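Take a look at the structure set out below.
Since every read-out is calculated from the coordinates, none of them should be taken as a lab result. Bear in mind that the values here come from a model prediction, so they are computed numbers and not experimental data. Quick reminder, even Gly has a Cβ in these numbers, built from the backbone with ideal geometry, and neighbours come from all protein chains shown.
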Amino acid sequence: MTVRYARHPDLRLTALDSEGIVLHLGTRRYYSVSESGLDLLQALAQPRTHQELVAVLTAKYDVSAEQASAAARDFLEHGRRSGMLTVEDAT
Amino acid sequence: MTASPPVGVACRDAEVASWLADWLSGMRLEPPVPLALDVHIVENLPADDDPREPFLQPLVEIRSGAPLDDVRIRWRAGEARATIAPGARTALVELTRDALRDRDRLTQTFLTATLVFLLRRAGWHHVHAAVARDPRGRDWLFAGDAESGKSTTAALLATRGWAVGSDDLTFLAQNGNGVTALAQRSPIALRPGGYALLGLAGGAAARGGRKSAFFPEELGGSWAGQVTPQILALPRVEGSLTRLEPVRPREALAELVRWSAWVALEPALAQEHLDLLAALARQARCYRLFLGPDLFGGRDVLMELMP
């Protein structure tokens, strides 16, 4: 099973000082995101797997694959729960 | 009456057309592209079958986004509605004669909301903010909600000789590499508490007599129709001493988004609006402004805090 994640089409984001603000037009809620969170959301303009997001983090930050994997998993879980992300099973 | 208002009006009823032209001209807003209100007087309005969840503002409900993609604004105090098609620069406005009997509320709520959406099509995006230019020529923007002290502060600054623009209805626009704030020309409307704190007398009755209104010139200041904010202040009434505390631009941006709820309406224009708010937070020095009673002493406290 290959699960892919993508940015919800109702999201708008803007960067400021390497960080960002994310606005969900559907729920009219907004979120602050860290620099790495902003990187992940930008990558998620296209559907990505967890592993692809780990690669995004390890390419930019000085972190181990394990640390990046945990960070990406946390981000995806939070993003899924808050409605910022869509999930598709591309099996 | 001004023959060519900055936002055009078409209406078969000459008296209504003249009244609306006067209202629009009085705001002194000059958007960079032609915009218009196409106004029709109707017997009554049919019920809406719009499936979209409304966004509620005082006396106004707004529907936007999918699946219809237009903007529909309905007045809740009478029979009036406006429709703006996607990408259109003209708002179709339908009013009953009954709605026209309450023109103050009609303009302050329904027609102002319609204008806000129309101006978005000219790249002007709304923010709840007062704007002012201090005696040293620095431009300030005070962003916050209805209880944050914007109007009282704006009126006080006018008494100190500052140039003051709007006390609430402000538009942001990209101007070269910077963000410009454009103020609607309207009197500063004070609640009885602010009126008393400033020791003012007179003023025009506003908001059904619940507020007293003054143009900045009547308070000793001047009008600033357009500023380029260098200082972004997020006011709140708190504490005994007025103070400014720096905040990070990202925090300021979050506050701006919070006080610009309309940013989330109309998906096609939301990104532009959000980017303007971010550019403002990047451009200005950002502060929380805690307003204390010392503000109303004899000194210009804000000038002392920001020498």
Report, largest value first, the span of the C-alpha coordinates of segment B:94-155 along each principal axis, in whole Å.
49, 28, 19
For chain B, inverting the pair-averaged 1/r of distinct alpha-carbon atoms gives a Kirkwood value in Å of 20.0
Specify the residue with the greatest mean-square fluctuation among A:63, A:54, A:33, computed from a Gaussian network of chain A linking alpha-carbon atoms under 10 Å apart.
A:63
Based only on the alpha carbon positions, what is the Kirkwood hydrodynamic radius of segment B:192-307, in angstrom?
16.7
Mean shadow area (nm²) of the C-alpha convex hull around chain A is 5.6
When the helix-only estimate is applied to chain B (DSSP H runs of n ≥ 4, each -39,500 (n - 2.57), divided by the residue count), what is the mean residue ellipticity at 222 nm, nearest 500 deg cm²/dmol?
-7000 deg cm²/dmol
Give, to the nearest whole percent, the P(r) tail of segment B:36-124 beyond 23 angstrom, counting all Cα pairs.
15
Using the alpha carbon gyration tensor of segment A:36-85, what are the three equivalent-ellipsoid semi-axes (square root of 5 times each eigenvalue), largest first, in whole Å?
17, 11, 9
Mind checking which of B:293, B:73, A:36 is farthest towards the positive end of the protein assembly as shown's charge dipole, using Cβ charges of +1 (Lys, Arg) and -1 (Asp, Glu) about the Cα centre?
B:293
When every alpha-carbon pair in segment A:1-49 is counted, what percent end up more than 13 Å apart?
56
Listed with the fewest Cβ neighbours within 10 Å leading, B:231, B:41 appear as B:41, B:231
Beta bridge orientation in the protein assembly as shown: antiparallel %, DSSP, nearest 5:
70
Contact order relative to length of chain A, as percent, for alpha carbon pairs under 8 angstrom and 6 or more apart:
39
Can you tell me which of B:118, B:169, B:56 moves the most in a GNM of chain B? Springs connect C-alpha atoms under 10 Å apart.
B:56
Across peptide A:17-29, how many C-beta atoms of other chains are within 10 Å of each residue C-beta, on average?
5
Qualifying GluC sites (Glu not before Pro) for segment B:181-288 [loop in DSSP, other Cβ within 10 Å: at most 15]:
B:238
Projected-area mean, the protein assembly as shown, by convex hull of Cα positions, square nanometres:
22.4
